[in-house]
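Written out below as C-alpha cells is the structure these notes cover.
The values are calculated or read from the model by the stated rules, or taken from the named source; none is laboratory data. The structure presented is a predicted model; accordingly, all values stated were derived computationally and were not measured. Note that we place each Cβ from the backbone using ideal geometry, even for glycine, and neighbour counts take in every protein chain shown.
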Amino acid sequence: MKLFPVRGGVHPEYRKERTSELAIVALPLPSTLYLPLQQHIGAPAEPVVAEGDLVKKGQLLARGAGPVSAPTHAPTSGRIAAVTQVTAPHPSGLPQTTIVLEADGRDEWAELPAPIADPFAADSQAIRDRVAQSGIVGMGGAAFPSAVKLNLGTQNRLETLLINGAECEPYLTCDDRVMREYAAEVIDGARIMAHALGAPQVVIAIEQNKPQALAEMTRAAAGIAAVTVVGVPVQYPMGSERHLTQAITGRETPAGKLTAELGVVVHNVATARAVHHAVRFGRPLLARVVTVSGGAIGKPANVEVPLGTLVSELVAFCGGLSQPPRRVVNGGPMMGQPLPNLDVPVIKGMSGILALTAEETNEQPSRACIRCGTCVTICPCGLVPVEMAAFIRKDNLEAAAKLGVTDCFSCGSCSYVCPSHIPLVHYFNYAKGSLAAANREKRKNDQVKALVEAKAARLEKIAQAKRDAAARAKAAAPSTPEASA
Amino acid sequence: MTTAYTDKSGPFTHAPSSVAKTMATVLAALLPATLYDAWLFGWPAIFLFLFTIAACMALEAATLAAQGKEWRVALSDYSVVLTGWLLAMSLPPWAPWWVGLIAAVFAVVLAKHLFGGLGQNVFNPAMVGRVAVLVSFPVQMTAFVAPHPLFAAASPGFIDALGITFGHAFHFDTMTAASALGYVKTELTKGVPVTQSMPGLMGLVGGARPGSFGETSAPLILAGGLFLLWRRIISWHIPVAMLVTLFVLGTVFHAANPARFTDGTFQLVAGASFLGAFFIATDYVTSPVSKPGQLVFGCGVGLLTWVIRTFAGYPEGVAFAVLLMNALTPIIDHHLRPRAFGRTRTGAPLPLKGGK
Ligand code: SF4
Ligand code: SF4
C-alpha cells in the first residue's frame, strides 16, 4: 500500500522494550471498585443503582445521558457501597460522583443481551445500539463515545475504517500486546464496525516498530479482502487521527472538519476488540489493558484491569514504586495527563500508568529562546510555536489565536525538542483554555446583548404603538368637536 | 506520593537537547580550523584569540551583573564563548588587543545586551563587532600577515608575540600582506585584470595565505560545517542557498567578463564564504525560523556578499551581507510562515474536495 508523507514530528526515545515482550496478565479482582460517572467525553452518566443494591457482573450501573454520553456497568458482582464523591483521575485532583462497588468475590454474571448472531446481516443501527449500550468509548485515550462515531456513516459516504494501531506514544505497549494476543478479535470487531459505518474497506495501521503485531495482524487478516494491514513509519504523532488519515490516504482534513468528511473514520484497536465482545457475546466494557511502566515502577507490565480499580492497587500489583516518581502520568508521556496521586480509579480511556523518574522526564529550568526554529520544523500542524509562545508570554492571546494556537492539539513535539526547555505546550494549553472561556463569555454576552436588545425593541415597539395610538387619538380628537360644531 | 507534580502540562519526557549542548557542538566544529590557524599564525594569533573570547565572557558577566541578573547561568550555555570565538576568527590574527576589546564591546554589550540579551538581538553580535572595528580602524583591520607557522624560524616567539598583541611591536608597513580578495580588488583598481591577480586555487584551498582565521582554512571550516549538518545542529538551507547564489553569480559574471569578475569557485573558497555560510549566517537568533525563510535568507546573504565584494569599497562582504539580511529576518519570518495543517496559506480552511 502506498503511503503519503506527513509533515513534522519527532522521534522520542520509545522505551517500549520494558513491557513489549510481557504478555498481558489479569489483575486479581480487587475488593472495591470505584466507577466515576464520567469516564468519557460528553455528559456524565446517570446512576440507576443506589447504596445497598446488589448487582451482578455486567449489570448496568449508570445509563448514558443525552446524545453524547456512555453508560457504565458493574465489572464484577457485589454490593453498591455508596454513590459518592471520589477523586477523579484528572490533574485537578477534584472529586467526581462515583459509584463504589464492593465485590462479593463470586464474579457472577448478570443476564447479558443476546449475541448478535450474524452481525454482517444485522441492521447497522442494531450494532450501534449494542455498542452504545455496552458503554464502549475510544480506548486510545480520547474516550469519545464510540457509538456516536459509528453514526458518522449516516451523514457521510465512507470509504475506509482506519484502525489505529500506531501506538506512537513512548512506553505504551497495551495496543501492541492486544494486537499480538487477540488479533482475530480486533479484526472481527473492526469488520463489524466497518459494517455499521457502511465503509467498504478496513485499513489497520501499525507503526513499523511493532513487527510482531504487524505479523500477527497480517496473518489474522489473510484471506479477508476488505481488510488491509499496513506498517506506517515510526514518527510521533503518527497516531493522531488527522495525521494517520493523511499518511494512509494522502488527504489533509480541512480545519474544522472531521476525517469522516473525507470518507475516513478512525477507531483504536482496543475499541475494536471491545466491539467484538459486545456484539459477539453481549459483554459490556468492563476491563481494559493498561501498560504500567516507567523507571519508578518495580515490575512494569501490561495488565488487564477491571475498570474502577484503584491505580494504587494496580501499581502494587506491578511491584509497587521502587523510588518516588517525579511524575505520575495517565496515558503516554507526550500527551498524557499528570496525576496528583495514585488514589484514583482506572477508567476506560486510561491506556497507561507511568511513574517517571526525574531522569526520565529530564525537566530543566527553561532558558531564553534561541530561535533555533526546531519547533517550527517539527510542528505536525504547521504552526509557529516560537512566535505563539512569545505572544502568550506577553498575554497577547488574540495575536496567538491569529497564528493558529487553537489548531494546536497539544501533541507535545515542540516542548519535547526545545533546547531551551521552554514549556511551550503549557503556554498553548493556557491560551486555548483562556480563549475558549473568553469565547463562551463572549457568546454569553452576545446572547445577553441580543436578549436585552430584543427586549428593548419589544418595549420600543409597545411604546411606539402607544405613541401612534395617542397621536391618532389626538389627530382624531380635535376634528370631532369641529365636525360636531 | 507527594513528590509527583501536576504543575505543568506534558510532555513528561524531553529530548536530550540543551542550549549548552548545541553551542558546544558548534565550538567543537570550529576547533580543527581554529587549531590549524593557531599553528599557521603563531603566538600573536593565539593571544588575540584567547583575549577576545575572555573579553566577551567578562563583558557578558559584567553586563548581566550590572542589570542584577544571574550571570553564571548565562556563561554556562557557551553562547557568549561562541560569539567571542567567531569574532576572534574574523579579526586579522595579529591585530592588537584593543581591536579585540572594542569589537567585543560592540558585539556583547551593544549588539546583544542592548537588544535584550540572548535570543532578542536582531543583529549577529560577532559581525556587529567585526564591522564596527572594520569601519573604525581600517588600517589595523586590513593588515593581514602572511602565515608564520608556529615553531618555524620566522615565527615570533612567545615573548615577541606578547609584544605584537599587547605592545607596539607590529609594524604595519613592513609586515602586512593583503588577503586574496583584497589583493584582487587593489590590483583591479590599478587596472590589472582579475585573470592575472586571481591566485591559484590550490593556495587558497590550502589556506597558507594571508587572511583572518576564518578565511584561511576553507577545507577545515567546510568539514566543520558538514559536521554540524550531520549532527543536525544546522540545516542545509542557509549554507546551500548562500553558497549556490555566490557560485552562480560568480560563474555567470565571470563568463560574461573574465577580466572584471572573479569566477564562482574563487568566490566560494576565497574570503570567509564557508565560515559565513555554515557558522555565521546560520546563527539561530538572527536568521529566520522557517525553512523557506532560511532559503530566502541564504540567497540574500549570497547575493549581497557578491555585490559588496564586487562593487563596494570593502574586499570582503560576508559580514555586511549577514547584517543586512539580519535586518530583514523579522519580515522574512512574518511572510514565510509554514502553511498550517488543514488550512490554505491565508489561514482559511482547505476546501473539502480540493484536499487532493
Ligand atoms: S525550539 Fe525552543 S528555542 Fe528553538 S525556536 Fe522553538 S521555542 Fe525557541
Ligand atoms: S503541541 Fe501544538 S504547537 Fe507544539 S508541535 Fe504539537 S501541534 Fe505544534
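Quick one: which of A:ALA316, A:ALA301, A:ALA287 is away from ligand 1 (no atom under 14 Å from the Cβ), surrounded by fewer than 21 Cβ atoms within 10 Å (Cβ to Cβ) and at pLDDT 95 or above?
Sole residue among the options that is away from ligand 1 (no atom under 14 Å from the Cβ), surrounded by fewer than 21 Cβ atoms within 10 Å (Cβ to Cβ) and at pLDDT 95 or above: A:ALA316.
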Problem set entry | Search result, residues across the range B:329-347 that are within 21 Å of the chain's Cα centre (by Cα) and surrounded by fewer than 17 Cβ atoms within 10 Å (Cβ to Cβ) | B:PRO330
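For (1) free of Cβ contacts under 8 Å to residues at least 60 places away in the same chain; (2) in contact with a strand residue (DSSP E or B) (Cβ under 7 Å, 6 or more places away or on another chain); (3) within 14 Å of chain A (Cβ to nearest Cβ), each residue gets a yes or a no:
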site	(1), (2), (3)
B:SER18	yes, no, yes
B:ALA38	no, no, no
B:ILE53	yes, no, no
B:ALA58	yes, no, no
B:THR63	yes, no, no
B:GLU70	yes, no, yes
B:SER76	yes, no, yes
B:MET89	no, no, no
B:TRP97	no, no, no
Exercise. Just one of A:ARG440, A:ARG393, A:ARG458 is basic (Lys, Arg), under 21 Å from A:GLY256 (Cβ atoms) and more than 7 Å from chain B (Cβ to nearest Cβ); which is it?
Worked result: A:ARG440
Exercise. Quick one: in the range B:9-55, which of the residues that are part of a loop (DSSP other than H, G, I, E, B) and away from ligand 2 (no atom under 16 Å from the Cβ) is farthest from the chain's Cα centre (by Cα)?
Worked result: B:PRO16
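In the range A:329-383, which residues are among the charged types (D, E, K, R) and either under 19 Å from A:LEU307 (Cα atoms) or within 16 Å of ligand 1 (Cβ to nearest atom) (or both)?
So in the range A:329-383, the residues among the charged types (D, E, K, R) come out as A:343, A:348, A:359-360, A:363, A:367, A:371.
If the condition is that a residue be among the charged types (D, E, K, R) and either under 19 Å from A:LEU307 (Cα atoms) or within 16 Å of ligand 1 (Cβ to nearest atom) (or both), then A:ASP343, A:LYS348, A:GLU363, A:ARG367, A:ARG371 are the ones that fit.
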Problem set entry | Residue list for the range A:384-442, filter: away from ligand 1 (no atom under 16 Å from the Cβ) and not in a helix (DSSP H, G or I) | A:ASP395, A:ASN396, A:PHE409
Exercise. Can you name the residue in the range B:316-338 that is within 14 Å of chain A (Cβ to nearest Cβ) and in a helix (DSSP H, G or I) and is also nearest to A:CYS375 (Cα to Cα) among such residues?
Worked result: B:ASP333
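Within the range A:338-359, is even one residue part of a helix (DSSP H, G or I), touching a residue at least 24 places away in the same chain (Cβ under 8 Å) and facing chain B (nearest Cβ under 8 Å)?
Let us first name the residues in the range A:338-359 that are part of a helix (DSSP H, G or I), namely A:358-359.
Filter once more, so that each one left must be touching a residue at least 24 places away in the same chain (Cβ under 8 Å): A:358-359.
Now narrow it down to the ones that are facing chain B (nearest Cβ under 8 Å): none.
Within the range A:338-359, not a single residue is part of a helix (DSSP H, G or I), touching a residue at least 24 places away in the same chain (Cβ under 8 Å) and facing chain B (nearest Cβ under 8 Å).
Report, by residue number, each residue of the range B:283-311 that is facing another protein chain (nearest Cβ under 10 Å) and either part of a loop (DSSP other than H, G, I, E, B) or of a type in the set (Phe, Trp, Tyr) (or both).
Restricting attention to the range B:283-311, the residues satisfying the condition of being facing another protein chain (nearest Cβ under 10 Å) are B:283-291, B:293-294.
Residues satisfying the conditions are B:ASP283, B:TYR284, B:VAL285, B:THR286, B:SER287, B:PRO288, B:VAL289, B:SER290.
Could you tell me whether any residue of the range A:406-417 is of a type in the set (Asp, Glu), within 14 Å of chain B (Cβ to nearest Cβ) and either under 30 Å from A:TYR236 (Cβ atoms) or surrounded by fewer than 21 Cβ atoms within 10 Å (Cβ to Cβ) (or both)?
Just the residues of the range A:406-417 that are of a type in the set (Asp, Glu), to begin with: A:407.
Checking which are within 14 Å of chain B (Cβ to nearest Cβ) leaves us with A:407.
Subsequent filtering for residues that are either under 30 Å from A:TYR236 (Cβ atoms) or surrounded by fewer than 21 Cβ atoms within 10 Å (Cβ to Cβ) (or both) retains A:407.
Within the range A:406-417, one or more residues are of a type in the set (Asp, Glu), within 14 Å of chain B (Cβ to nearest Cβ) and either under 30 Å from A:TYR236 (Cβ atoms) or surrounded by fewer than 21 Cβ atoms within 10 Å (Cβ to Cβ) (or both).
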Exercise. Is it the case that some residue within the range A:363-370 is away from ligand 2 (no atom under 14 Å from the Cβ), in contact with an Asp or Glu (Cβ under 8 Å, 6 or more places away or on another chain) and not in a strand (DSSP E or B)?
Worked result: yes
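For the range A:132-204, please list each of the helices (runs of 4 or more DSSP H) lying entirely inside it that holds at least 3 residues being touching a Leu at 6+ places or on another chain (Cβ under 6 Å) and assigned by TED's automatic domain parsing to the domain that holds A:ALA221.
Fully inside the range A:132-204 and qualifying: A:183-197.
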